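Colleague: The structure is given below, and queries will be raised subsequently.
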Amino acid sequence: MGRRKIAVRATAFTYRVLLEEGALADLGKSMRLLFPTTKTLLVSDSRVFSLYGDQALKSLKKEMWQVGTFLIRPGERSKTLHTLSRLFDAAVETGLDRNSPIIALGGGVVGDLAGFAASTYMRGVPLVMVPTTLLAQVDSSIGGKVAVNHPRGKNIIGNIYPPRIVLIDPSVLNTLPKRQLRAGLAEVIKYGIIENSSFFRLLEENLDQLIAGDSLFLAEAVERSLQSKARVVEEDEYEKDYRRILNFGHTIGHALETATAYRYYLHGEAVLVGMYAAVKIAVQLNLLERASAGRIISLIEKIGLKKPPAGLTAEKVIDKLRQDKKRRDNNIIFVLPTAIGSAIMVPVSDLQLIREAVELYFKHKTI
Ligand SMILES: NC(=O)c1ccc[n+]([C@@H]2O[C@H](COP(=O)([O-])OP(=O)(O)OC[C@H]3O[C@@H](n4cnc5c(N)ncnc54)[C@H](O)[C@@H]3O)[C@@H](O)[C@H]2O)c1
């Protein structure tokens, strides 16, 4: 695979995404070309660091970077103000000044945390994203959303702060657990469904190879996904309207995550269920033809819907939806597909319709 580049236009500047086998080994050099400074802080989680930390540090030191490191425990529970405060301590101890970049080496948790730190440390320092999960490579590393959680809610303290560069090494996906890979694939098919019918067809032909972790197909899927996301965020960086189509699957997905206290589903797994239910709702509202719905459902089934946990009922999911921030007046806002490759936002007031769609998931074959 050769080097592939995508330019993403943000309000503040245009940044590049480099997708290349070996991008991690070139981290120091790629940063040297962009930043005339000497100090940097490498933020990672302990699992990713144990796999790729040496390679990253070696590459940085070769280019004379003085590197501080800050490691978090893997997982969502590290995305807090408390961790952020310790990250700032590390930044001060490393001697970062207002031009020193912060590097996020890891999945979406590291990216969101380090990104939010970069957006506020000394009123903003450059951010370098080196995403290592499929979800982070196709979604969270571009678009600029950065955040930490509050005990009362996810991503409540956040910002829109684009990275200066995104370096994607597809070979790091070789060590990603299969469950994480499948969860990331939910976000990949999302782009085909809402935005790009030719990508959808490509996924119909090649999803088996992607699930098997085939590197060439994965690199292609990452590139096509990034192009999709870039098109959407370039049009509406601050999520005034159009960018919300990226929330396809998130209305019910989010309700599932909160109903299970974020402990059962991976984000992508919950979104996959949400996409399934949204397709069922779209058909009932005559927005989507059955034939197209069937094609979408068969991709979803290939990735595999996760079995609901014991004790969870459709009614509990509906209860969470009633409290959702996507609710407006008496309506719950859904992103619904209208064809393969296009979606719209629709306020839905009929709770029975939503309940039936969720119940279909409870009855569906799961993994
Ligand atoms: N900013 C955005 O636009 C955006 C979009 C979607 C999701 N998110 C956020 O992303 C987070 C979820 O991200 P995630 O799914 O990447 O989870 P994650 O960052 O928790 O990573 C998942 C697990 O995979 C491990 N891991 C990472 N890379 C690996 C590799 N190459 N090999 C082996 N193990 C590896 C990590 O140590 C971790 O245990 C959530 O906090 C969510 O809110 C942000």
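The values are calculated or read from the model by the stated rules, or taken from the named source; none is laboratory data. Because the structure is a prediction, the values reported are computed rather than measured. Positions of Cβ are backbone-derived with ideal geometry, glycine not excepted, and every protein chain shown enters the neighbour counts.
Colleague: Scan region 204-225 residue by residue and report those that are surrounded by fewer than 22 Cβ atoms within 10 Å (Cβ to Cβ) and either closer than 19 Å to residue 288 by Cβ or not aliphatic (A, V, I, L, M) (or both).
Modeller: Across region 204-225, the qualifying residues are 204, 205, 206, 208, 209, 213, 214, 215, 217, 220, 223, 224.
Colleague: Just for strands (runs of 3 or more DSSP E) wholly inside region 100-186: which have at least 1 residues that are closer than 21 Å to residue 35 by Cα and either more than 8 Å from the ligand (Cβ to nearest atom) or in contact with a Phe, Trp or Tyr (Cβ under 7 Å, 6 or more places away or on another chain) (or both)?
Modeller: 102-106, 127-131, 165-168
Colleague: Shifting gears a bit: Within the group 300, 245, 296, which residue is in contact (Cβ under 8 Å) with a residue 12 or more places away in the chain, surrounded by 16 or more Cβ atoms within 10 Å (Cβ to Cβ) and within 16 Å of the ligand (Cβ to nearest atom)?
Modeller: Exactly one of 300, 245, 296 is in contact (Cβ under 8 Å) with a residue 12 or more places away in the chain, surrounded by 16 or more Cβ atoms within 10 Å (Cβ to Cβ) and within 16 Å of the ligand (Cβ to nearest atom), namely 245.
Colleague: I need the full set of residues from region 122-142 which are surrounded by fewer than 22 Cβ atoms within 10 Å (Cβ to Cβ) and touching a Leu at 6+ places or on another chain (Cβ under 8 Å), in order please.
Modeller: Hits for region 122-142 are 122, 126.
Colleague: State whether one or more residues within region 226-238 are over 16 Å from residue 306 (Cα atoms), away from the ligand (no atom under 15 Å from the Cβ) and either in contact (Cβ under 8 Å) with a residue 40 or more places away in the chain or surrounded by 20 or more Cβ atoms within 10 Å (Cβ to Cβ) (or both).
Modeller: Yes.
Colleague: Residues of region 6-41 being among the β-branched types (Val, Ile, Thr) and under 23 Å from residue 174 (Cα atoms), which ones?
Modeller: Scanning region 6-41 gives 6, 17.
Colleague: Can you pull out every residue in region 88-116 that is of a type in the set (A, V, I, L, M, F, W, C), without any contact (Cβ under 8 Å) to a residue 60 or more places away in the chain and within 20 Å of residue 132 (Cα to Cα)?
Modeller: If the condition is that a residue be of a type in the set (A, V, I, L, M, F, W, C), without any contact (Cβ under 8 Å) to a residue 60 or more places away in the chain and within 20 Å of residue 132 (Cα to Cα), then 116 is the only one that fits.
For (1) out of contact with any helix residue (DSSP H, G or I) (no Cβ under 7 Å at 6 or more places or on another chain); (2) in a helix (DSSP H, G or I), each residue gets a yes or a no:
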residue: 306; (1), (2): no, no
residue: 311; (1), (2): yes, no
residue: 315; (1), (2): yes, yes
residue: 318; (1), (2): no, yes
residue: 352; (1), (2): yes, yes
residue: 357; (1), (2): no, yes
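Colleague: Could you check region 1-56 and list, in sequence order, the residues that are away from the ligand (no atom under 16 Å from the Cβ), among the hydroxyl-bearing types (Ser, Thr, Tyr) and part of a strand (DSSP E or B)?
Modeller: 14, 40, listed by residue number.
Colleague: If you don't mind, another one. Out of region 51-80, which residues are free of Cβ contacts under 8 Å to residues at least 24 places away in the same chain and touching a strand residue (DSSP E or B) at 6+ places or on another chain (Cβ under 9 Å)?
Modeller: 57, 77
Colleague: Starting from residues that are in a loop (DSSP other than H, G, I, E, B) and modelled with pLDDT of 95 or more, keep the ones in region 327-350 and report whichever is farthest from residue 289 (Cα to Cα).
Modeller: Ranking the qualifying residues of region 327-350, first place goes to 341.
Colleague: For residue 83, which of the numbered conditions (1) in contact (Cβ under 8 Å) with a residue 40 or more places away in the chain; (2) outside any helix (DSSP H, G or I) fails to hold?
Modeller: All conditions pass for residue 83, except number (2).
Colleague: Next question, about the same structure. Between 278, 282, 339, which is under 20 Å from residue 245 (Cα atoms), within 23 Å of the chain's Cα centre (by Cα) and either of a type outside the set (Ser, Thr, Tyr) or surrounded by fewer than 20 Cβ atoms within 10 Å (Cβ to Cβ) (or both)?
Modeller: 278
Colleague: Among the residues of region 243-293, how many are over 13 Å from residue 306 (Cα atoms), in a helix (DSSP H, G or I) and of a type in the set (Ser, Thr, Tyr)?
Modeller: 3
Colleague: Taking into account only those residues within region 57-80 that are modelled with pLDDT of 95 or more and within 12 Å of the ligand (Cβ to nearest atom), which is surrounded by the most Cβ atoms within 10 Å (Cβ to Cβ)?
Modeller: 72
Colleague: Next question. Any idea how many residues of region 22-33 are surrounded by fewer than 16 Cβ atoms within 10 Å (Cβ to Cβ) and charged (D, E, K, R)?
Modeller: Selection size over region 22-33: 1.
Colleague: Modelled with pLDDT of 95 or more, touching a helix residue (DSSP H, G or I) at 6+ places or on another chain (Cβ under 8 Å) and surrounded by 22 or more Cβ atoms within 10 Å (Cβ to Cβ): is that true of residue 168 in this structure?
Modeller: yes
Colleague: Scanning for something farther than 26 Å from residue 234 by Cβ and touching a residue at least 40 places away in the same chain (Cβ under 8 Å), does region 9-16 turn up at least one residue?
Modeller: no
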